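Here's the structure we're looking at; comments come further down.
The values are calculated or read from the model by the stated rules, or taken from the named source; none is laboratory data. Remember, predicted model here, so these are calculated numbers, not experimental data. Cβ: placed from backbone, ideal geometry, glycine included. Neighbour counts: every protein chain shown. Side chains are part of the model used for accessible areas, which takes the heavy atoms of the whole protein and leaves out ligands, DNA and RNA. Shrake-Rupley method; radii C 1.70, N 1.55, O 1.52, S 1.80 Å.
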Amino acid sequence: MKPTLFTGACTALVTPFLGDQINYPMMEMLLQRQRESGIDTVVISGTTGESPTLSDQEKKELFRRCKTFAGNDMQIICGTGSNNTAHAVSLSIAAQEAGADALLVVSPYYNKANPEGLYLHYLAVADAVKIPVIIYNVPGRTGVDIPVSVYQRLCRIPNIAGVKEASTDIVKIARIRNACGDNLPIWSGNDDQAVAAMALGAKGVISVLSNVLPIETGAMAQAALAGDFDTASSLQCQMLPLIEALFTEVNPIPVKAAMALMGYNCGGCRLPLGPVSLQVKERLESLIK
C-alpha cells in the first residue's frame, strides 16, 4: 500500500501574466490565498497553468520561485509532461532540482502512443527522479486514454504516486481500483465528477474550480472523504452552475476571466487561446455576484 501524497482538494493553479511575462507578485498572492483557504497542495504549470505556452526557462523559474515562496507549508506539484520522453525527463529532473514535492506528468499528446510506449514513457520519467510522479490521463486533450492494463503495470513502480484521472468515464475509477487497489491512489481531474469519484474511492480532486472557490471546494472534498455524501453532493450541486460555466470555453480561458472578476487580475491567456467571449464573461459575472 502506497502512502497518499495528499487528500482532499488540490488546486491546478492558473499562471498569471503581466504583458508577456509571468506576474510573480500575483502568483505569490494566489499561493497565499490558497494556503489561507486550507489548500495545502497545488499544481503549477499544468493544463490550467498554460504549460504548452510556457518556455522551459519560464517553467524552471516558476518551479523554483513557487517552492521558495511555499516553503514547507504547501506541496508544490510541477507539471513536467511532454510528448517527447527525453524532454519530459529533462523537465522532471529540473523540477526535482528546484525543490518540487512531486510531478504531474500528462500522457504524451498528439503522438498517440500505444500501451507499451505509454508504459515505457512513464517508466523513463520515474526512473530519472526520486520524487513522486502522478500520471495524468486526460484523453480529451491528448487523444489517448491510458488503458487500465498500463496502470496495473505502472503502479508497481515505487515512485509512481497515483493518477489524476480526467476521462469522462466515471466507471473507469472502479476499474482502476479493482486492478490496482491501494497501490495507485486516484484523484479526480473533473470538478463535475469529484464527489462521484470519491464515492468510488478517489482520494480527492485536482481542481480548476478551487482557483475561484478554494474554501468551498475543500469543504466538498473533505465531506466526501468523511463519508458525508449528503453534504458533499449538496455542495457540488450548489457549485455546478459555476463548474459548467468554467468549462463553456476551453480551460483556462473562463477561469482566468473569473479570477479577474474577483479582483485577481491574472492577465489573459497566451495564444493560441483567445480572449473570453462576452457571453461567457457575463455568465461568470452573474454567477460570481
Which value at 222 nm does the chain reach when only helices count, each DSSP H run of 4 or more adding -39,500 (n - 2.57), with the total divided by all residues and rounded to the nearest 500 deg cm²/dmol?
-> -13500 deg cm²/dmol
The ³J(HN,Hα) series, computed from each phi in the stretch 189-206 with the Karplus coefficients 6.51, -1.76 and 1.60 at θ = phi - 60°, rounded to the nearest Hz and given as x for glycine or proline, is x, 10, 4, 6, 10, 4, 5, 4, 5, 5, 5, 8, x, 5, 8, x, 9, 9
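Can you list which of the chymotrypsin sites (Phe, Trp or Tyr not before Pro) found in the stretch 86-148 are DSSP loop residues with at most 15 other C-beta atoms within 10 Å?
On the way: sites: TYR109, TYR110, TYR119, TYR122, TYR136; in loops: TYR109, TYR110.
Here the chymotrypsin sites (Phe, Trp or Tyr not before Pro) that fit, given the DSSP loop and packing criteria, are TYR110.
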What list of ³J(HN,Hα) couplings, whole Hz, do you get for the stretch 261-276 from phi and the Karplus terms 6.51, -1.76, 1.60, once you set θ to phi - 60° and write x for glycine and proline?
-> 5, 8, x, 10, 7, 9, x, x, 8, 6, 4, x, 7, x, x, 5
Which residue, PRO254, PRO16, PRO158, has the most motion in a Gaussian network model of the chain that connects Cα atoms within less than 10 Å?
-> PRO158
At the level of C-alpha centres, the distance separating the stretch 243-289 and the stretch 111-177, in angstrom, is 30
Projected onto the charge dipole of the stretch 37-189 (+1 at Lys/Arg Cβ, -1 at Asp/Glu Cβ, origin at the Cα centre), which of GLY99, ASN111, CYS66 gives the Cα projection farthest towards the positive end?
-> ASN111
Ignoring everything but the protein chains, give the 1.4 Å probe accessible area of HIS87 in square angstrom, nearest 10.
-> 60
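Going down the table (LYS2/LYS59; LYS112/LYS164; LYS60/LYS281), which pairs top 25 Å between alpha carbons?
Values: LYS2/LYS59 29 Å; LYS112/LYS164 19 Å; LYS60/LYS281 32 Å.
Listed pairs above 25 Å: LYS2/LYS59; LYS60/LYS281.
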Please find, in a Gaussian network model of the chain (springs between Cα atoms separated by less than 10 Å), the residue of VAL208, VAL150, VAL42 whose mean-square fluctuation is greatest.
-> VAL150
Calculated FRET efficiency, LYS130 and ALA86, Cβ-Cβ r, R0 22 Å, to nearest 0.05?
-> 0.70
Give the relative contact order (percent, whole number) for the stretch 143-201; include only Cα pairs under 8 Å separated by 6+ residues.
-> 37
Rounded to the nearest 20 debye, dipole of the chain from Cβ charges on Lys, Arg, Asp, Glu = 460
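Give me the dipole magnitude in Debye, nearest 20, for the stretch 1-132 about the Cα centre, with unit charges on the beta carbon: positive for Lys and Arg, negative for Asp and Glu.
Details: 10 positive and 13 negative charges, 32 e Å.
The calculated dipole for the stretch 1-132 is roughly 160 debye.
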Trypsin sites (Lys or Arg not before Pro) within the stretch 65-127: DSSP coil, no more than 16 neighbouring Cβ in 10 Å = LYS112
Give, in whole angstrom and from largest to smallest, the semi-axes √(5λ) of the equivalent ellipsoid of the stretch 110-217, with λ running over the eigenvalues of the Cα gyration tensor.
-> 23, 15, 15
By the rule of another cysteine's Cβ lying under 4.7 Å, the cysteines of the chain that fail to get a partner are CYS10, CYS66, CYS78, CYS237, CYS266, CYS269
GNM result for the chain, Cα springs below 10 Å: residue of ILE176, ILE157, ILE76 fluctuating most strongly | ILE157
Sorted by chain and number, the residues with a modelled amide H under 5 Å from that of GLY204, at a separation of 5 or more or across chains, are GLY8, SER188
In order through the stretch 113-127: 3J(HN,Hα) via Karplus (6.51 cos²θ - 1.76 cosθ + 1.60), integer Hz, x for Gly, Pro = 4, 7, x, 5, x, 4, 4, 5, 4, 5, 4, 5, 5, 4, 5
Only one of the listed values, (1) 47, 45, 36; (2) 92, 55, 31; (3) 66, 43, 34, was derived from the coordinates as Cα extents along the principal axes in Å; which label is it?
-> (1)
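Under the 0.36 nm per residue contour assumption, what length would be gained going from the current alpha-carbon distance of LEU261 and LYS289 to full extension?
Working it through step by step, the gained length comes to 9.2 nm.
Taking 0.36 nm per residue of separation and subtracting the Cα-Cα distance, what length does fully extending GLU116 through THR53 add? Intermediate values should be presented prior to the final figure.
Working: separation 63, 0.36 × 63 = 22.68 nm, distance 2.83 nm.
This chain segment gains 19.8 nm when fully extended.
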Listed by chain and number, the residues whose amide H is under 5 Å from that of THR41, excluding neighbours fewer than 5 places away on the same chain and using placed H, are THR11, GLN75
Amide H contacts under 5 Å for PHE17, placed H, 5+ residues apart | ASN23, GLY267
